[in-house]
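So the structure is just underneath, and the comments pick up after that.
The values are calculated or read from the model by the stated rules, or taken from the named source; none is laboratory data. Here the structure is a predicted model, which means the values were calculated and not measured. Don't worry about glycine lacking a Cβ; one is built from the backbone with ideal geometry, like all the others, and counts go over all protein chains shown. Areas reflect the complete protein model, heavy atoms only, side chains present, ligands, DNA and RNA absent. Shrake-Rupley method; radii C 1.70, N 1.55, O 1.52, S 1.80 Å.
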4 protein chains.
Amino acid sequence: MDVAAIQRDLDRRRPGTSRYVSAREERDRVEILSGLLDGRTTGAPIAMIVKNESARPEDYESLKELFRPGHADYGVYKRYGIRDHRGGGRLSGRETVARVAAGSLAKQMLGSAGIEVSGFVRQIGNARAESVDLEYARKSELQCPDPEAEVEMKRIIEEAVAARDSVGGIVEVRATGVPAGLGDPVFMKLDAQIAWGCMSIGGVKGVEIGDGFALAGMRGSEANDQFKDGFALETNRCGGIIGGISVGSPIVVRLAVKPTPSIGQPQRMARIDGSVVEDAIGGRHDPCLCPRVAVVAEAMVAIVLMDAWLRRSSDPFGFKDR
Amino acid sequence: MDVAAIQRDLDRRRPGTSRYVSAREERDRVEILSGLLDGRTTGAPIAMIVKNESARPEDYESLKELFRPGHADYGVYKRYGIRDHRGGGRLSGRETVARVAAGSLAKQMLGSAGIEVSGFVRQIGNARAESVDLEYARKSELQCPDPEAEVEMKRIIEEAVAARDSVGGIVEVRATGVPAGLGDPVFMKLDAQIAWGCMSIGGVKGVEIGDGFALAGMRGSEANDQFKDGFALETNRCGGIIGGISVGSPIVVRLAVKPTPSIGQPQRMARIDGSVVEDAIGGRHDPCLCPRVAVVAEAMVAIVLMDAWLRRSSDPFGFKDR
Amino acid sequence: MDVAAIQRDLDRRRPGTSRYVSAREERDRVEILSGLLDGRTTGAPIAMIVKNESARPEDYESLKELFRPGHADYGVYKRYGIRDHRGGGRLSGRETVARVAAGSLAKQMLGSAGIEVSGFVRQIGNARAESVDLEYARKSELQCPDPEAEVEMKRIIEEAVAARDSVGGIVEVRATGVPAGLGDPVFMKLDAQIAWGCMSIGGVKGVEIGDGFALAGMRGSEANDQFKDGFALETNRCGGIIGGISVGSPIVVRLAVKPTPSIGQPQRMARIDGSVVEDAIGGRHDPCLCPRVAVVAEAMVAIVLMDAWLRRSSDPFGFKDR
Amino acid sequence: MDVAAIQRDLDRRRPGTSRYVSAREERDRVEILSGLLDGRTTGAPIAMIVKNESARPEDYESLKELFRPGHADYGVYKRYGIRDHRGGGRLSGRETVARVAAGSLAKQMLGSAGIEVSGFVRQIGNARAESVDLEYARKSELQCPDPEAEVEMKRIIEEAVAARDSVGGIVEVRATGVPAGLGDPVFMKLDAQIAWGCMSIGGVKGVEIGDGFALAGMRGSEANDQFKDGFALETNRCGGIIGGISVGSPIVVRLAVKPTPSIGQPQRMARIDGSVVEDAIGGRHDPCLCPRVAVVAEAMVAIVLMDAWLRRSSDPFGFKDR
């Protein structure tokens, strides 16, 4: 197990690294609590801890009795009858640190089976990455795979920041080297699990596989991926998954990411007594969630694929050899 | 428990009812095996059985060693090392009968709490329902809520049938009367569960909540649903869910449905030995999956909402009354 | 998959076969609903159904508002607020039919790995089987492995029947051929799972592994199973499990079975209004539960072992071969 | 939430407090990581951490290639192909710290519903507590409820220590104030869950409910608990549970605890190469596990009861009020 690789993934997600993400300074150092002996896993659960270092609960004091637009504040209050108004908890993007750490471990295991999973930013505003250089994306401040589009994306973010506003976008995850036969019918379909994992990331409002919503407007003769030879497919409109099971083509997932709800403009918020106030909120927030969602989405797809792999590899009674 | 209501929902999903769905004749009679005493539930599991009556395994005999485009055939073969080539099983749309029966029961319980869940066809080809009359949809052969759009949708389906082809579309599910506070943070987010449930339906390739993919192109100031009064929201771009928790507005879900992969035109299929053959397949299939997916999606959203409701209703130790 | 073998196990559990078990006549024919293709499992769930044929709900009519001693009647009423007073449901021993069918399938898989699981009656009243002939037990009306003890056991049961009473006893399950390394630490310990499975059988009030309660009176120097050679143990006081993980010795489990609560003598029962009545109850019941519990306990241990086997067989990424 | 009460329970389990338990010095300070806001739970998971402070891995260095009798060493090695030979992990009694912390929290919730759960030592060697003073037990070094028996128990332990040996015993857990109607039929029976929870504690080899194994020798007329008035039972041979559901009487559970396997006498151990060596092992171990198992068993029963309570309290759709 390569702990340094986990740290590298955490660093990709980490805030405070550029002006395109939140200015909050978190070192996000991962510490392994259990499950390792001389660098090898022992079969015991692998417990990792990443501590919050730059929490500033006082920033949130004014929010104690206020429900912000676009935030879970009001729903959480109704859900539990109490709301932890301080930032940095499981209702903030902070909880995705754990996902990235787990996903990084999943990627190590998948990597040993030849499966690579990569998340990147496909679109911000109307700037769309047309070419995909994964190596570039991995180092890009915006996790963008197209240097040209990246320039435009940065401009769009800067404009939004200047207007005390935020922007949304589209994140894409690709997995290559995935063999045919991962996933189970009915409820454990591979795409159902991926949709669950991706939609559980804060700010994500849509998930599509392969050509996704574009397939709704096609005819079957156009949408079907026909066979070429040796079970390879001529096209990949299905995004690598048919009937919930992988078919050997790259898996392609796209996520719709809403603009960060925390903006500097005045908005109509609700007070706990039901009255409405118009005000602007401070705090340190990302002008665009996409660069960080890309890293988290990559982790979630990796976790789902690892789980599917573990379920697949099963001939425990050796029936195949008979 | 109203068994007749379950039968009515099964009848909405049932094939053989019009020329817009599969010609296969199934009566789909539900039989209750356990859990009822004089029409009341007893706390025991409710077991229901719906038998396949019009199975024609011989129709599928020619497919024994053939993998069809757009079908899970090849993936399943790689997954299990054996493939049940006969139709009507859990790899066919037939398995959704069980979902509809369970969903119908969930709707009964939700109904007693004032929650209504309705699935309908929003779009087929480029024909889009602009008005939503749920009463109409429930009786429409296409589950379409807009009589005008329905005419156009039928035309599009008929054209596809004439061309031995199929069409895709968009299904929408709405839930009204949903109180704020359903769903849990992180992995049990309400939208994550809905995405999982909807993407697990055969033929679905995308799921979005509220304005979904359209949010990707907005700014925060436009995307945020601001408060009006008494915790009501001015808009519903969020589709009733923020941060994975319901906010009291109607829940809105849209599903991208691919065209039925079974078409009458010749296609390049793979044989089990890896060779490719071009041929057309017979069988009794839906020219468009949407009308039936609408009923199934409604069931899945109802099941997820019921589950969230059960998790919410929890003050078992009476702490709130202290 | 050998369906006949499943039927044979169901026949061992079946009532109406001798005067030592309930006179209720049930054929207990198993029917396979799914999961098989030409006798081979397909990876789909294996659904089996065994129908109740000799249900006589009218026998139970008088019990509608009566809570019997030693039965779950009162607890169930408090649990659900409604009680299904008719026999043959999941609150009767009838539900164990399903366990035996599933356990029989588990035994087939375990058998292919050289693991044999056998349940038998160790003791009834003060008659104790001193020798263990598993072949004999399998055909014995009492599932008793010792012909001599069987004679005495039958006499004890007959005496109880004559007195309109019932008797308890001890059931034992042995599993041989179990390799070392099954089971997981902490909550998934092999013995914890076995205890759960066995205590979930109606009428079972105690479970012990190996020397069990006798170990409480020993010293460590006496209780420890020391190593002999090649990892074999000199004794088997541990019953094949140490620290929740199998050690390669036979697994030995014993269950305390209470006397059948349904007896022909008058007893003080409660009415639904809280009053107490003294009366005798009719019906067709086993004078001793042990012979049938032996078959069910064998099934439960087999299911737990199969589950542990499935969890163990995991080197899905091929790390061992590096 | 009373954090001090959790600490008090941890202190009851803690080593190093008397010469009757392991001399290892652990402070066992609990730290709350999440889930609390101003002393109230927020609905977020409650994470607690207790750090190992007195780990001495060097004590275990000599055990690296040695499998001890009565320990999981060999089984674990076969299970995972690697064994973490250092003490203090999840294969040692150390993992029960977490159970006690969780159980203490469960007890707080149960206490608010009038349910009290108490674990104590019933027997060590042939010294048996005949009277039960729970207040006394809670402060007793041996968790023994009978001052007279305690003197004898201490003598038995001292004798064993002098002989470089260990002793076993019997632990009992009682829960009072448990209403009728907790637990579910079939696999989620209350006693099945208790058996699972108790048997999952290291060193426990048997579990019985109520009169347990003694019921095996009784007749039904003797074993049945008849009704007295107002649904109360005349006797409590059933230990508060019938058919897996609580009946309103105190719940009584007894656990058979084997002698500590770690003794100072020479024993025949296996080396990793399959050879057998005779040697004595050092280290800091309990001469008798019972006092600490009593605290852990209390926690496990509390956790199971809380879970059953949570499942019971369910009329989420308000059907009862109609």
task = Could you please find all residues in the stretch C:64-83 being open to solvent by 10 Å² or more (accessible area, probe 1.4 Å), among the aliphatic types (A, V, I, L, M) and at the interface with another protein chain (Cβ under 7 Å from one of its Cβ atoms)?
result = C:Ala72, C:Ile82
Meets criteria (more than 7 Å from chain D (Cβ to nearest Cβ) and at pLDDT below 95) for C:Ser262 = yes
inquiry  = Taking the conditions exactly as written (away from chain C (no Cβ under 14 Å), in a loop (DSSP other than H, G, I, E, B) and of a type in the set (Gly, Ala, Ser)), does D:Ala44 satisfy them or not?
reply    = yes
remark   = Of the conditions (1) of a type outside the set (S, T, N, Q); (2) surrounded by fewer than 24 Cβ atoms within 10 Å (Cβ to Cβ); (3) at the interface with another protein chain (Cβ under 7 Å from one of its Cβ atoms); (4) without any contact (Cβ under 8 Å) to a residue 40 or more places away in the chain, the single one that A:Glu222 does not satisfy is (3)
key: Residue, farthest from D:Ile156 (Cα to Cα), within the stretch C:204-219, restricted to residues that are of a type in the set (A, V, I, L, M) and within 7 Å of another protein chain (Cβ to nearest Cβ)   = C:Val207
The lone exception for D:Ser112 - which of (1) touching a strand residue (DSSP E or B) at 6+ places or on another chain (Cβ under 6 Å); (2) open to solvent by 30 Å² or more (accessible area, probe 1.4 Å) it fails = (1)
key: In the stretch D:84-112, residue nearest to D:Leu36 (Cα to Cα) [restricted to those that are in contact with a Lys or Arg (Cβ under 6 Å, 6 or more places away or on another chain) and within 13 Å of chain A (Cβ to nearest Cβ)]   = D:Gly88
task = Given the conditions (1) at the interface with another protein chain (Cβ under 7 Å from one of its Cβ atoms); (2) touching a Phe, Trp or Tyr at 6+ places or on another chain (Cβ under 7 Å); (3) without any contact (Cβ under 8 Å) to a residue 24 or more places away in the chain, report the number of the one that A:Met269 does not fulfil.
result = (3)
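For every residue, the table says whether it meets (1) in contact with a Pro (Cβ under 8 Å, 6 or more places away or on another chain); (2) assigned to a loop (DSSP other than H, G, I, E, B).
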| site | (1), (2) |
| --- | --- |
| B:Asp225 | yes, yes |
| B:Phe231 | no, yes |
| B:Thr235 | no, yes |
| B:Cys238 | no, yes |
| B:Ala256 | no, no |
| B:Gln265 | no, yes |
| B:Val277 | no, no |
inquiry  = Tell me whether the stretch A:200-212 contains one or more residues that are among the charged types (D, E, K, R), open to solvent by 10 Å² or more (accessible area, probe 1.4 Å) and within 28 Å of B:Asp165 (Cα to Cα).
reply    = yes
ask   = D:Glu25 is checked against (1) more than 21 Å from the chain's Cα centre (by Cα); (2) open to solvent by 60 Å² or more (accessible area, probe 1.4 Å) and fails just one. What number does that condition carry?
value = (1)
ask   = Among the listed residues C:Glu61, C:Glu53, which satisfies the condition of being part of a loop (DSSP other than H, G, I, E, B), free of Cβ contacts under 8 Å to residues at least 60 places away in the same chain and open to solvent by 70 Å² or more (accessible area, probe 1.4 Å)?
value = C:Glu53
inquiry  = Could you check the stretch B:118-149 and list, in sequence order, the residues that are over 19 Å from the mean Cα position of the chain (by Cα), open to solvent by less than 20 Å² (accessible area, probe 1.4 Å) and within 13 Å of chain A (Cβ to nearest Cβ)?
reply    = B:Ala127
key: Which listed residue is at pLDDT 95 or above, over 18 Å from D:Val167 (Cα atoms) and out of contact with any Asp or Glu (no Cβ under 7 Å at 6 or more places or on another chain), from D:Glu222, D:Glu234   = D:Glu222
query = How many of the residues making up the stretch A:166-198 are facing another protein chain (nearest Cβ under 7 Å), more than 23 Å from C:Gly43 (Cβ to Cβ) and open to solvent by 10 Å² or more (accessible area, probe 1.4 Å)?
reply = 1
ask   = Exactly one of (1) farther than 29 Å from C:Leu105 by Cβ; (2) open to solvent by 40 Å² or more (accessible area, probe 1.4 Å); (3) facing chain D (nearest Cβ under 9 Å) is unmet by C:Thr235. Its number?
value = (3)
ask   = Considering the stretch D:245-259 alone, what residues qualify as being under 22 Å from D:Ala192 (Cα atoms) and facing chain C (nearest Cβ under 7 Å)?
value = D:Ile245, D:Ser246, D:Val247, D:Ala256, D:Val257, D:Lys258
task = Consider A:Asp286 carefully, then state whether it is acidic (Asp, Glu), open to solvent by less than 40 Å² (accessible area, probe 1.4 Å) and either at pLDDT below 95 or more than 18 Å from the chain's Cα centre (by Cα) (or both).
result = yes
task = Out of C:Ile156, C:Ile241, C:Ile201, report the one residue that is under 22 Å from D:Gly93 (Cα atoms) and more than 7 Å from every other protein chain (Cβ to nearest Cβ).
result = C:Ile241
inquiry  = Kindly evaluate B:Gly318 against the criterion of being closer than 30 Å to D:Gly111 by Cα, open to solvent by less than 30 Å² (accessible area, probe 1.4 Å) and modelled with pLDDT under 95.
reply    = yes
